[in-house]
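Shown next, in structure tokens, is the structure this report addresses.
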Amino acid sequence: MYQPIEKRVRDALAAFIRAKYGVELSVVTERPPKIEMGEIASPVCFELAKRLKRAPRQIVQEIASTIGKIDGVERIEIAGAGYLNAYLDRAAFFRAASSAVGRETVRASAESPKAIVEHTNINPNKAAHIGHLRNAVLGDAFVRLLRYTGRRVEVQNYIDNTGVQVADVVLGFVHLEQKTEAEVRALAAQPQFDYLCWDLYARVTHFLEEDKARLELRGEVIKAIEHGSGEAAEMAETVSTAIVRCHLKTMSRLEIEYDLLPRESEILHLKFWDAAFQMLIARGAIHKAATGKNAGCWVMELSGDKEAAERDDEADAKIIVRSNGTVTYVGKDIAYQLWKFGLLGKDFYYAPFLSYPDGRKLWVTCSAGGSGEAPAFGRGQEVFNVIDSRQAYPQQVVVAGLRALGFNSEADRSVHFSYEMVALTPRCAAEMGYQLSEEEAKKPYVEVSGRKGQGVKADDLLDQLEQRARAEVESRHRDFSDGERAGVAHAIAIGALRYFLLKFTRGTIIAFDFKDALSFEGETGPYVQYAVVRARNIFRKAREQEQGFSLERLEETADAGTAQRLLAPPEGNDLWELSLLAGSLGAQIEAAASAHEPAFIAKYAFQLAQQFNLFYHKHHILSEEDPGKKNFLLLLSALVEKQLVTALDLLGVEAPEKM
């Protein structure tokens, strides 16, 4: 509700300034630091004063006295040396906010421009760990934000089933375990195959480090997989498909779903890269290096990249095709990005991979055949790649590839949705049994390493969270059935984890710690969830007190005069601040969506829960003797409850009925 009023204030000021002074200005508004200073402030008169060469105070007096009525604004006052401060009509705001709840979602049509969000993208060679969960939870929350604001979104989970990581696991099965493809297939059908591969992958790392000559074995396996022939390729298909199913089960515990699983094998087999390669050559975007360390490689020259080219770790990222003829993952990513925008002139075949509980199908790419019932994938208007910040340079190369091909508009709409890594606190690493050096023990965090087998497996973490949550539920609700306890414990555990991963801004390194993540106090998911439960308990007891009680009837019989009286300053400032915050969810959603920052919603939910808890302890709602005030307090509680539920849903957190 706050958002449309703020827009009306900006539009009214811009129109007035245009009409009176003949000046076009972009009006900026902000929230004053204190409620006594109003709810919307604008410094526009300072900029206007520069243009007109007049004192800001004179201009602000002219505007405040003659601008006239703005819908939703009670009055405009002058503040400081030239600020315009708008004071909202508190009762009208409360009525509008209460009636607007639940009707703010904008539904996308089939013709709406499509946003493609690619996230999760775990190498299908081992179990998912805590770092992977940050990617998936961030991506899923962003998808929810986009869909809430009316965007049509296609969610893709890219499967690198031909890469080094899968090759290493295949190498391990063949050379360390002496397994045939049939034996691996039998293992893949067993529970926790992803855990088995986790340990095997770490062993292969040590195996290769012991003798560098063994890297030739890896190269042979990679070639076999890329060509898609022989037992190694069959084993890679078995391993990667089984691990993907494990990953999807893990993600389903977090209520994360996808539309499409694009696989790297199809990019190779359907010659996506060949098409992109010819486009890059024809455009002169890449050339074959004749001398130097990149001799024999096809490289892309990036403008102003001389310094980066001198750094080996950076220079490798712009090699598109290695001297042995194999394409780098950056090259394949360029082809994939072209397909996402519908610029490649090629398409995948598609087959159903699984069905979600609601009957919706998850599709996977394939090299031939496929189903004629598949939706139209790709052809996005904009593309968001959720990849950690350490991949910033390769992502820049992908965008540079689009520009080199003349696709500047699409390059502008290619967004690297970056985030920092999830590490472990030294205490957490020690709890997990990892041997730390004296130097590592003094660091603020210890990096997760899948190659070393060092990290918190996602399912282990979820199991521990659910066990601890269940113990808490059992201590509070001995009357619950086993099914009720399990359901509430699951909601609390997932809420705790998702909120923990989302409350930090994307540029913050998260040092994971069991004690912090499992805390049910402070800025946590369970704290916000309990605020919802507390509100619902009020409504449940109100129904027990009064036969026929309903929030709908309260809304129909609400007295505008009572709201005006109870919200009037200064006595009503606490109620007004809660009402204003509850009515500001739309503004927070817009800010979070435009900044690509779900943490804004997490922070908002916590602040609203905090204010509601203060309100709950200050006002004895159900024993309030004034009927009008009691009804108002119940309506305010309902507004808060609905906004908290919406905010939690955007974060992918369930609001349970009881805790």
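Amide H contacts of Tyr349 (H built 1.01 Å from N, in plane; Pro and chain starts excluded): Cys366 sit under 5 Å, all sequence-distant by 5 or more or on other chains.
Take peptides 391-400, 177-186 and line them up by average Cβ neighbours within 10 Å, highest first, as a rough protection proxy. Walk me through the intermediate numbers first.
Numbers: 391-400: 19.2, 177-186: 14.9.
The peptides rank, most packed first, as 391-400, 177-186.
Computed 3J(HN,Hα) for the stretch 151-158, one whole-Hz value per residue from the Karplus formula 6.51 cos²θ - 1.76 cosθ + 1.60 where θ = phi - 60°, is 7, 8, 10, 10, 9, 10, 10, 6, glycine and proline marked x.
Couplings 3J(HN,Hα) for the stretch 531-541, derived from phi with the Karplus relation 6.51 cos²θ - 1.76 cosθ + 1.60 (θ = phi - 60°), are 4, 5, 4, 4, 5, 5, 5, 4, 5, 5, 5 Hz, where x marks Gly and Pro.
Pull up the cross-link candidates among the aspartates and glutamates for Lys346, meaning alpha carbon to alpha carbon under 16 Å and not fewer than 8 places away within one chain. List returned: Glu264, Glu266, Asp274, Asp333. In a simple Cβ point-charge model (Lys, Arg +1; Asp, Glu -1; nothing else charged), the stretch 98-214 has a dipole of about 700 debye relative to its Cα centre.
Shape descriptor for the stretch 457-659: Rg over Rh equals 1.00 (Cα atoms; Rh from the Kirkwood inverse mean 1/r).
Near Leu354, the amide H atoms lying under 5 Å from its own belong to Leu362; only residues 5 or more places off or on other chains count, and H is placed 1.01 Å from N. Before anything else, pin down the relative contact order of the stretch 2-88: Cα pairs under 8 Å, at least 6 apart, normalised by residue count, whole percent. Relative contact order of the stretch 2-88: 29 percent.
What list do you get for Glu62, Glu264 if you sort them by fewest beta carbons within 10 Å? Display every interim value, and only then the final one.
Numbers: Glu62 15, Glu264 25.
Least crowded to most crowded, the residues run Glu62, Glu264.
Straight-line reach from Lys629: which aspartates and glutamates have Cα under 20 Å away, leaving out those fewer than 8 places along the same chain? Lys629 reaches Asp89, Glu544, Glu546, Glu552, Glu555, Glu556, Asp559, Glu571, Asp574, Glu577, Glu641.
Couplings 3J(HN,Hα) for the stretch 382-392, derived from phi with the Karplus relation 6.51 cos²θ - 1.76 cosθ + 1.60 (θ = phi - 60°), are 8, 10, 10, 9, 7, 9, 5, 5, 5, 9, 4 Hz, where x marks Gly and Pro.
Put in line by how crowded their Cβ is, counting other Cβ atoms within 10 Å and starting with the fewest, Glu447, Glu466, Glu438, Glu544 read Glu438, Glu544, Glu447, Glu466. Take the Cα radius of gyration of the stretch 335-399 and divide it by 2.2 N^0.38 Å, N being the number of residues; the result is 1.35.
Over all pairs of different C-alpha atoms in the stretch 2-88, the reciprocal of the mean inverse distance, the Kirkwood hydrodynamic radius, equals 12.7 Å. The alpha-carbon positions of the stretch 365-412 define a convex hull whose volume is 131 Å³ per residue. For the stretch 180-238, relative contact order (Cα pairs under 8 Å, six or more residues apart, normalised by length) works out to 42 percent.
Nearest 5 percent is fine: what portion of the DSSP beta bridges confined to the chain is antiparallel?
55 percent
Excluding same-chain neighbours fewer than eight residues apart, no aspartates and glutamates are reachable from Lys212 by a Cα-Cα span under 12 Å.
Taken over the alpha carbons of the chain as equal point scatterers, the Debye sum produces base-10 log I(q)/I(0) values at 0.05, 0.07, 0.12 Å⁻¹ of -0.30, -0.58, -1.32.
Checking the Cα-Cα distances for Lys126/Lys271; Lys249/Lys603; Lys7/Lys50; Lys7/Lys630; Lys7/Lys658 against a 31 Å cut-off, the pairs over it are Lys7/Lys630; Lys7/Lys658.
Rounded to the nearest whole angstrom, the semi-axes of the ellipsoid equivalent to the stretch 544-659, taken from the Cα gyration tensor as √(5λ), stand at 27, 17, 13, largest first.
For the chain, what's the relative contact order in percent, using C-alpha pairs closer than 8 Å and at least 6 residues apart? Mind dumping the intermediate values first?
Values: 1022 pairs, mean separation 94.9, N = 659.
Worked out over the chain, it gives 14 percent.
Sorted from greatest to least, the principal axis extents spanned by the alpha carbons of the stretch 113-261 come out as 54, 29, 28 Å. By its C-alpha gyration tensor, with a ≥ b ≥ c as the square roots of the eigenvalues, how is the stretch 399-482 shaped: rounded for a/c under 1.5, else prolate for a/b larger than b/c, else oblate? It is oblate, given that a/c is not under 1.5 and a/b is not larger than b/c.
With the helix formula -39500 (n - 2.57) applied to DSSP H stretches of n ≥ 4, the chain reaches a computed 222 nm mean residue ellipticity of -16500 deg cm²/dmol. Annotation: amide H-H contacts under 5 Å for Arg152 (H modelled 1.01 Å from N, sequence separation of 5 or more, or interchain): Ala115.
Computed from the coordinates by the stated procedures, all read-outs in this text should not be read as laboratory data. Model, not experiment: these values are computed from the prediction. Positions of Cβ are generated from backbone atoms using ideal geometry, with glycine treated the same way; all protein chains shown enter the neighbour counts.
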